[in-house]
Every structure is written in C-alpha cells, then in structure tokens.
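The structure under discussion appears below in the form of structure tokens.
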Amino acid sequence: MVGTALSVLSISLLALAGTGVPLTSQATVVALLQALVSALAMNVAIVGINQLYDIEIDKVNKPYLPLASGALTPAQGLAIVVVSSVVGTGVGLAAGSPPLLATLLVSLALGVAYSADHPLLRWKRSPVLAAACILAVRAIIVQLGFYAHMRAAVLGAGAAAAGAVGTGVGAAKAAAAGAAAAASAASTSAAPAGLAGGLSGLLGWLTASYSPSVLFVATFMLFFSIVIALFKDIPDVLGDRQAGMRTLSVRLGEGAVFRLCVGLLAAAYCWAMAASLVLPGSLPARAALFVGHALLCGLLLVRSRAVDTRSRAGLADHYMFVWKLFYAEYLLIPLFG
C-alpha cells in the first residue's frame, strides 16, 4: 500500500514538471486524489485475488497472510476483492479520465490472469507470462498511465493526452463490467474481456508524446520489475515445488537466480548513473541522481554479498530489501523532470 501510494505521488510529480502548475492547485489535488484512491483500492483487489487462489501455497510459503492463517475466511476475502474492485473502477469512471480508467482496468485484468486458476489463466505457472504481467503493470502501465492522467488533468485535453481523449468513457464502461466480474472470480472469461476493453484506452495514451526522461524512467523500472518478478519466487521454492509451480528458481536453483537478479539490478543502476549525465535537467538534480543511484547500487552489492542463498529466511529478508530499493527509486524519479 505504501509503495503504491509512493509510486502514484512520484509519477504525478514527474508529470507536473515543466507545466508551471503548482502541486497545490485544485486540478492537481483532485487528479492526485483520484489516482491515489483508485490505485490503492485496485491494489487491494489484485493482492486479494492472488491470496484467494494461493491459500494452500501460502500455508507453506507465507502462513502469516490473512487467508492462509485463517484470520479471514475465503468468503470474507472475496467480499473485500469485489468491494475494492468496484470502488477502484467507480473512481476511475467518475474521474472521466481514460488514461486512469485504462490503467485500472488493464491492471485488474492482468491481476486476474496472473492468479485465477481457470483455463487459459493462472499465468504465474509460466515464468515468462508471470514476468510479463508484473513488467506490464509495474514498468509500463503504472508509469505511463498515471503520468498521462496527471498531464491531462493539469493541461486539459492537449498534446500530452491527445490519443487518450478520443477513446471515450462509454467504451471504458463496457470494459469495466468485464473487469469487475473478473475480480469476483465468478467468470473465467472476464479477464480477457476486461483486458480487451482496457486496451482500447491504453492504446490511446501510449501513442501520446513522452519526454526522453519519462521514457527512461519507464525503461529503468522495466529492468527493476524484471528483478522483482524473478526474485519474488526465490524464497518460495519449497512451496512452489510442492505445488508443481515450475518457476525459474525451481528450475535453476536459488543461487543462480539470486546472482542473476543482483547483476541485472546493478547494471540498471549503472545505466541510470550514465543517463543522469546526459538527460536534460538542472545540474543539482543530475548530481543528486548520479550520487543517489551510486549509493543504492553500493548498498545492493554490500547487502548481497552477505546473503546465504541456502537460507530461506535470508532470501526473504533480502527480497524485502529489494522492495525498499524499489521504493527509494520513487524518491529519485521526480528529479528526472
């Protein structure tokens, strides 16, 4: 929840760069609240869907979770998912923002496709499809979607969201019905319907014009999301193997995937340091970006050397450390503006 709120705020601040519109303006505050409330609600729905379908696996890997521990019944969990998805979709519709609504619907549909144990779904069984889901949401949809939403809100239906404006809220309402049904896990065809409907809005704002800095941020977060997608399965090898989940960690072993993740993330940090030297921006901002990424890279390498890849607890702790690095990146992103 904290990470979701931080990401929305960070991307929104980046979207304000160069507009001359203050953070305290009415348009900015309203757009930010719309994004925050809907994103948090949809995050609860997506996480809830995953936990509903992973109860038996989580009893081995994460017994402290509400459904796995018995603190909540499956019926209560389903109710939370339905209410959260309806609230998130409702805010998106009320906002009248095609980029925001498309972001919410596509994220929800991919969340269902990732977790739901139905024909053609349960994409988490495939390392490629599982990674694709996480990458699409974390690296592309969230970054560009909330950026386009904020730009459209503060600048109006201008060049920053020209493609998104023509999408129409009417078509998005039809997609919302399919995505909401998918969230309730009552229909096996709801995820493709929600995904197809959301894509009509998605294509509009993906064709909008983005600055080199925004495109760099999206690409950098793509690398980071690859690391998270791979790393999340390393501490869960025991439960995944018992459940027949052929994740990359199950296939290659914890140590090999751990080293791959560290290498990818270190390379991404070095790339960010180089980009800070050439991307447009003030000298203090560029210096802060260079030093900030150098420090984060150093922390990663030092912490990684101390990890025993044979220790499940140590791997789980390091996975949470990687998430902290991910959140720290959102503190640097506004400086790219």
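FYI, it's all coordinate maths here, none of it is from the lab. Worth saying up front: this structure is predicted, and the values here are computed from it rather than measured. Every residue, glycine among them, receives a Cβ derived from its backbone with ideal geometry; neighbour counts consider all protein chains shown.
Some values worked out for this structure:
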read-out: Cβ-derived FRET efficiency at R0 25 Å, residue 327 paired with residue 282, nearest 0.05; value: 0.55
read-out: Table column - 3J(HN,Hα) (Hz), segment 19-36, Karplus curve with 6.51, -1.76, 1.60, x for Gly and Pro; value: 8, x, 8, x, 4, 8, 5, 4, 4, 5, 4, 5, 5, 5, 5, 4, 5, 5
read-out: Contour minus Cα-Cα distance for residue 291 and residue 308 (0.36 nm per residue); value: 3.3 nm
read-out: Phi to ³J(HN,Hα) by Karplus 6.51 cos²θ - 1.76 cosθ + 1.60 over segment 65-73, Hz, x for Gly, Pro; value: 5, x, 6, 5, 7, x, 5, 10, 7
read-out: Alpha-carbon centroid distance for the pair segment 67-114 / segment 279-332, whole angstrom; value: 30 Å
read-out: Directionally averaged projected area (convex hull, Cα atoms, segment 211-336), nm²; value: 7.6 nm²
read-out: FRET efficiency for residue 79 and residue 25, using Cβ-Cβ distance with R0 set to 35 Å, rounded to 0.05; value: 0.40
read-out: Amide proton proximity set for residue 210, modelled H, under 5 Å, gap of 5+; value: none
